[in-house]
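J.: Got a structure here, written out as structure tokens. Questions coming.
Coordinate-derived values only; no laboratory data. In this text the structure is predicted, and so the values were computed from the model without any measurement. Glycine gets a Cβ as well: all are built from the backbone with ideal geometry, and neighbour counts include every protein chain shown.
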Amino acid sequence: MLKPQYFQGIDDYYLFIYLFIMARQPEDLLNLLGRTGPMTGRDLARALGISAATLSRTYARHRDRVCRMGKTRGAQYALRRSIRGLETPLPVYAIGTQGTPSNIGELHPLTNGQHWFERRRGLTGPSVFYQGLPPYCIDMAPQGFLGSGFAANHPDLGLPKRLSDWGDDDRLIATARRGEDCVGNLIIGQESMDRFLASPEPASEASYTTLAETASQGNAGSSAGGEQPKFTTCNGQHHVIVKFTSGDGSRADQRWRDLITCEAIAARHIHSALGLVSASRYLDEGNRRFLESIRFDRVGGRGRRGVLSLASIADEWLGMRDNWIEAARRLLQEQLIDAETAVRIRWLEAFGRLIANSDRHFGNLTFYADETLSPPRLELAPVYDMLPMSFAPTSTGVPPLVPYVQRPTADVLDVWASARMVAHAYWQEIEATTVIIKEFRQFAGEMEHALLITQA
């Protein structure tokens, strides 16, 4: 530092010291927030050794890098992070049931993987701080079979080829730049909103065989999860998600043909029992069998509804993924669902056991929700992927059809009799469905008999 003799007077010296400190202050502010994460204004001023007024002026000069979370005296400050190819903060839009978009706020990516959703002034609901990626962003990101070819289909985004190599910033890039048709009713980023506004009305039903061939080549194009081959389209009346078989005539192909039929039948029985499942049907076209299910996050041609998966809910508000029943218990305890919904989830768990569905994971239960509320208010959405997955083909072959007696456990005892009655009717219908091969129909009859001898 320069000595006092280089200045004309002591006042010039102290003026230099003041300007030097002020010049260093922004750097100190940014470095401090980068090390500590969010801090209140009081704690930040104390740590920097400056007044509240000086902090306010410093923040004003660096609003492009510092995010103020909240408008009151208890507001916190955090350091923004930049994301390749994105202008942040990212606008967040909600699409209504009539297809009308509205800007509801902004998403601020922060250092340390944190995020701040700042709700637009005048709208009901709070702004929300997230330690990680907001749960709705996780559900919206490409995943499963439909997301496996996303990076190859959009090479301009520079994303890793394998979804398993993606980080949160990769998910935000995909969502903000090619997220016009994500799960739920939110669109993030101006580019994705422009793509939504420029997209035409949904086309009428095309050849499912052609769509399946395109999807198999990695051009499926949606973010809906699940590894079973599928595509999304509009059948002229509804947005649908369509699973399909390989059509190669192998034993695995035949087993999947039967399982797809079983899933459609299960959807009808669950709908009759709980009124939850959206309409599904199976159909054959060419050498393939298709399962067409109406998307419950879409309304008409352009409308949408907000949804959250149990997986994202559990990660954000429950802290673990174990099983549906324990998750329902904790959701009820946290007052995120009501008692009737908890009973319905237990019923679905019991029914899943009774139809040999071994794939009861947290991605297979979904709730209607305002995704941006924390915590959200949850309403159980239609159920999907209910089928005898215990007998699905694997990399080692096609499992043998071995019937077994399923006994109740204490955690589903109150719903077991009802679920068992519906499961009995389910296996009975499969036994009578002639498009299912004889071997599987005989197995269904044996499962039907096994249910008759179980004790509730």
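J.: Among Ala444, Pro376, Pro91, whose Cα sits farthest toward the positive end of the charge dipole of the chain (+1 at Cβ of Lys/Arg, -1 at Cβ of Asp/Glu, about the Cα centre)?
T.: Pro91
J.: Based on Cβ point charges of +1 for Lys and Arg and -1 for Asp and Glu, what charge dipole magnitude is obtained for segment 367-429 about its Cα centre, in debye rounded to the nearest 20?
T.: 300
J.: What is the ratio of the Cα radius of gyration of the chain to 2.2 N^0.38 Å, where N is its residue count, to two decimals?
T.: For the chain, the normalised Cα radius of gyration is 1.21.
J.: Let me ask another. Post the alpha-carbon centroid distance, segment 323-341 to segment 176-197, in whole angstrom.
T.: 31
J.: To continue, here is another question. Which value, to two decimals, describes the C-alpha radius of gyration of segment 115-175 once divided by 2.2 N^0.38 Å?
T.: For segment 115-175, the normalised Cα radius of gyration is 1.34.
J.: Right, next: With labels modelled as points extended 7 Å from the Cα through the Cβ direction, what inter-label distance (nm, one decimal) is found for Leu48 paired with Thr409?
T.: According to this spin-label approximation, the distance is 5.5 nm.
J.: Find which of Ile453, Ser312, Ala47 sits farthest along the positive direction of the dipole of the chain, computed with +1 on the beta-carbon of Lys and Arg, -1 on that of Asp and Glu, about the Cα centre.
T.: Going by the Cα projections, it comes out as Ala47.
J.: In terms of the ratio Rg/(2.2 N^0.38 Å) built on C-alpha atoms, what value belongs to segment 90-198?
T.: 1.06
J.: How large are Rg and Dmax for segment 290-424 when only the alpha carbon atoms are used, in Å?
T.: 16.2, 46
J.: Considering only the other residues whose Cβ falls under 11 Å of the Cβ of Gln428, what net charge follows from Lys and Arg at +1 and Asp and Glu at -1?
T.: My count for the surroundings of Gln428 gives -2.
J.: Within the chain, count lysine pairs with alpha carbon atoms under 29 angstrom apart where the residues are 8 or more positions apart or belong to different chains.
T.: Pairs that pass both the separation and distance tests number 5.
J.: How many nm separate the modelled label positions at Ala450 and Arg251, each set 7 Å beyond the Cα in the direction of the Cβ?
T.: A separation of 1.9 nm, rounded to one decimal place.
J.: Now for a separate question. So what are the ³J(HN,Hα) numbers for segment 98-110, from phi and the Karplus equation (6.51, -1.76, 1.60; θ = phi - 60°), rounded to whole Hz, Gly and Pro as x?
T.: Each residue's phi maps through the Karplus curve to give 8, x, 8, x, 9, 7, 9, x, 9, 9, 9, x, 10 Hz.
J.: I would also like to ask the following. By average Cβ neighbour count within 10 Å, what is the ranking of 168-174, 268-274, 155-161 from highest down?
T.: Highest to lowest by the protection proxy: 168-174, 268-274, 155-161.
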